[in-house]
Amino acid sequence: VQLQACGGGLVQAGGSLRLSCAGSGSVLALNVMGWYRRAPGKQRELVAEISRGGSTNYADSLKGRFTISRDNAKDTVYLQMNSLQPEDTAAYYCSARRNYISQSFWGQGTLVTVSS
C-alpha cells in the first residue's frame with residue numbers, strides 16, 4: 001500500500017487548507033482511511049477517519065472545523081481544515097487500514113504551519 005499526501009503549507013490563523021491523500025495497492029487495506037497529526041513535542045493523535053461506506057470518526061476537539069471525505073473511485077481521502085489556529089501546526093499523516101483493529105499503513109507527512 002502506498003499513500004501519497006499533499007496539500008500542506010503555510011496559512012494565517014483563520015484560514016483554510018485542504019489536504020488530499022491518494023492510496024494505491026490493496027483495495028482491502030484502504031477500507032478505512034484517515035488523518036493523524038503530530039505537533040512539535042507532542043504525540044501523534046487522531047484527526048479523523050472515514051470508512052469506505054462513509055462512516056466517520058473525528059477527534060472531539062476538531063469537530064466542526066475539520067471535515068473528512070473520500071472518493072472511493074479514486075481511493076483518495078480529503079481533509080478540509082477551516083478556521084485554522086496556530087495549535088493546528090503539525091505534520092499531518094495519511095493512514096489506511098483494513099478495519100478498525102488492523103495495523104495501519106502510513107504515508108509521508110505533509111506539514112501544516114499556521115501563523116498567528
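Tell me, what ³J(HN,Hα) does each residue in segment 23-32 have, in order and in whole Hz, if you take phi through Karplus 6.51 cos²θ - 1.76 cosθ + 1.60 with θ = phi - 60° and put x for Gly and Pro? Result, ordered by residue: x, 8, x, 5, 4, 5, 5, 9, 4, 10 Hz.
Roughly how many Å² is the accessible area per residue of segment 1-47, as a whole number, for a 1.4 Å probe?
Values: 2530 Å² over 47 residues.
Solvent-accessible surface per residue comes out at 54 Å².
Between LEU46 and GLN85, the contour length at 0.36 nm per residue exceeds the Cα-Cα span by 12.3 nm.
List the equivalent ellipsoid semi-axes of the chain in whole Å, largest first, each obtained as the square root of 5λ for an eigenvalue λ of the Cα gyration tensor.
Details: eigenvalues 106, 35, 34 Å².
That gives 23, 13, 13 Å for the three semi-axes.
Over the chain, what percent of the accessible surface lies on carbon and sulfur atoms, probe 1.4 Å? Taking all protein chains in place, the chain shows 48 percent carbon and sulfur surface. With pairing defined as another cysteine C-beta under 4.7 Å, the cysteines of the chain that fail it are CYS6.
Using 1/(1 + (r/R0)^6) with R0 = 25 angstrom and r between the beta carbons of SER26 and ASP60, what's the FRET efficiency to the nearest 0.05? Please list the in-between numbers first.
Working: r = 31 Å, r/R0 = 1.23.
Efficiency, from the Cβ-Cβ distance: 0.25.
In a DSSP loop and with at most 13 other Cβ atoms within 10 Å, the chymotrypsin sites (Phe, Trp or Tyr not before Pro) in segment 72-116 are TYR100. Across segment 84-89, coupling constants 3J(HN,Hα) worked out from phi with the 6.51/-1.76/1.60 Karplus curve, θ = phi - 60°, read 5, 10, x, 6, 7, 4 Hz, and Gly and Pro carry x. Please return the longest range in the chain lying between exposed loop sites, taking trypsin sites (Lys or Arg not before Pro), DSSP loop only, at most 16 other beta-carbon atoms within 10 Å, and leaving the sites out. Maximal segment without exposed cleavage sites: 75-116. Just need the relative contact order of the chain here, percent rounded to a whole number, with Cα pairs under 8 Å and 6+ apart. Averaging sequence separation for qualifying contacts and normalising by length gives 37 percent for the chain.
Taken along the Cα-to-beta-carbon direction at a fixed 7 Å, the label points for ALA39 and GLN103 span 3.0 nm.
The values are calculated or read from the model by the stated rules, or taken from the named source; none is laboratory data. Since the model is a prediction, treat every value here as computed from it, not as a measurement. Because the Cβ atoms are built from the backbone with ideal geometry, glycine has one as well, and the counts that use them run over all protein chains shown. Side chains included, ligands, DNA and RNA excluded: accessible areas come from the protein's heavy atoms. Shrake-Rupley method; radii C 1.70, N 1.55, O 1.52, S 1.80 Å.
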